[in-house]
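The values are calculated or read from the model by the stated rules, or taken from the named source; none is laboratory data. Every value quoted in this text rests on a predicted model; they were computed, and no experiment measured them. A quick note on method: Cβ atoms are made from the backbone with ideal geometry, for glycine too, and the neighbour counts reach across all protein chains shown.
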Amino acid sequence: MFCDTTQLILNSGTGGGGSMCFLRQKYMPKGGPNGGDGGKGGSVIFRANMHKNSLIDLHTRKQFHAESGESGSGLNKHGGDGEDLILEVPVGTLIRNLETGEIIVDFIDHKQEFCVLHGGRGGYGNAHFVSSIRQAPRFAELGEPGESIEVELELQLVADVGIIGLPNVGKSTFIAAITDAKPKIANYHFTTLIPNLGVARVFDSSLVFADIPGLIAGASEGKGLGDEFLRHISRNSVLLHVIEVDSNMVESYNIIQNELRLAQRDLDKKDQIIVFNKCDIEDLEFEAFVIEEFLKETDFSGKTFCISAAGNRGLQPVVEACYIMAEEEKARRPYIKQEREYKEYTPEKEEDPRYYEIHEIIPKKKPKNPKGRKFKIHGKRINQIAIMTNFDVRDAKDRLWDVFKKLGIWKELDALGAEDGDHLYFERFEEKTPYREYM
């Protein structure tokens with residue numbers, strides 16, 4: 001079954017919690033802390049695979065969770081790391097953030113990898129917090145929660161040549177004759193319901209052809225099979241337009257060109273070759289007449305061929321012309337990745353673990369009975385420490401307040417006029433903490 005678009009919910013693994021343990025052995029009744037650290041949660045990684053041509057494996061599941069890290073234990077035993085979740089997608093897959101519409105990654109190479117979500121860090125055990133002034137810490141860190149995101153995957157098949165044309169003109173017969181593809185072939189419209197890929201050998205090299213399902217007038221507006229498969233044409237270097245030799249050749253040509261133009265992806269500006277199919281009887285004079293009459297009534301100025309796909313006649317020159325044109329196009333205009341818009345951020349601050357900012361939360365509507373001001377703490381590392389703090393354990397909170405003191409957060413809060421009754425909020429979770437609770 002073919003699928004070229006899907007939406008997924010992804011979750012990376014939560015880090016394992018640190019252990020709060022003390023050594024208890026014979027002749028050592030008061031051994032020191034020996035709680036081990038928790039393991040790292042698994043990340044979510046996408047990998048491009050040139051042997052795949054559909055998103056159906058992902059489409060049938062929708063939700064994916066990476067493995068969480070294991071908790072630490074006594075005797076300084078560290079928990080095992082969660083296994084990374086690797087999801088394979090076809091080459092040509094675009095991944096977008098469903099909420100913002102931002103392109104996260106565009107897979108154009110075989111085995112290309114991209115980590116979409118990082119696993120949560122494992123929490124430190126109490127042995128990690130031993131110091132000259134904290135010789136028997138009775139707390140450990142929680143594991144950092146994993147990340148979550150909703151993404152949209154869109155497949156744009158990567159082929160050198162896209163075979164286009166009206167239904168039932170012989171596109172599938174052509175690709176079956178020049179490659180090892182085995183598309184369904186029958187004498188009725190819309191026999192091909194999904195794109196077919198095939199590889200042709202030419203000049204000691206290879207050329208990938210994509211048989212695009214038949215287009216009709218109004219396809220760009222959703223008629224027939226709609227514009228579902230027009231996206232696959234966008235990555236083709238060359239378009240091979242197959243036209244059946246009959247009295248409606250010019251009309252057939254104009255219909256397809258109009259749909260390419262209406263698709264608004266500059267598809268009509270791609271290099272094209274036209275082949276007149278079903279010339280089953282070899283008649284050079286007739287073939288010359290067909291081409292001459294066609295060129296008189298259209299604006300086409302590229303290469304044209306008369307072939308018989310069913311009779312396997314005149315195919316090799318077409319394949320060779322496609323190869324030459326595709327190579328010229330690649331040399332002239334190499335593939336350029338789509339421009340991406342990134343959110344505005346400051347890398348220097350984000351990379352500095354001491355970076356933080358404090359913003360007051362001002363309600364849109366003034367409450368009738370205000371109960372203190374609210375301040376939100378921003379900063380990657382300080383929020384990571386906060387979210388891994390067990391607020392039910394006094395010693396764990398004291399460690400967080402000690403970090404606040406070292407970073408100068410308390411001084412800045414005092415400068416902002418914070419007082420008893422105010423509350424602190426953190427960026428990554430809804431825990432609120434009374435100001436001055438550390439006193």
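General observations
- Qualifying residue in the stretch 124-134 (condition: surrounded by 16 or more Cβ atoms within 10 Å (Cβ to Cβ), over 18 Å from PRO33 (Cα atoms) and not aromatic (Phe, Trp, Tyr)): no
- Of all residues in the stretch 231-257, none that is within 22 Å of PHE289 (Cβ to Cβ) has its Cβ atom under 7 Å from the Cβ atom of a residue that is of a type in the set (Asp, Glu) and crowded, with 18+ Cβ neighbours inside 10 Å, 6 or more apart or on another chain.
- Residue count for the stretch 375-392, restricted to those that are small (Gly, Ala, Ser) and without any contact (Cβ under 8 Å) to a residue 40 or more places away in the chain: 0
- From the list VAL169, VAL202, the lone residue that is modelled with pLDDT of 85 or more, over 30 Å from the mean Cα position of the chain (by Cα) and more than 16 Å from HIS241 (Cα to Cα) is VAL202.
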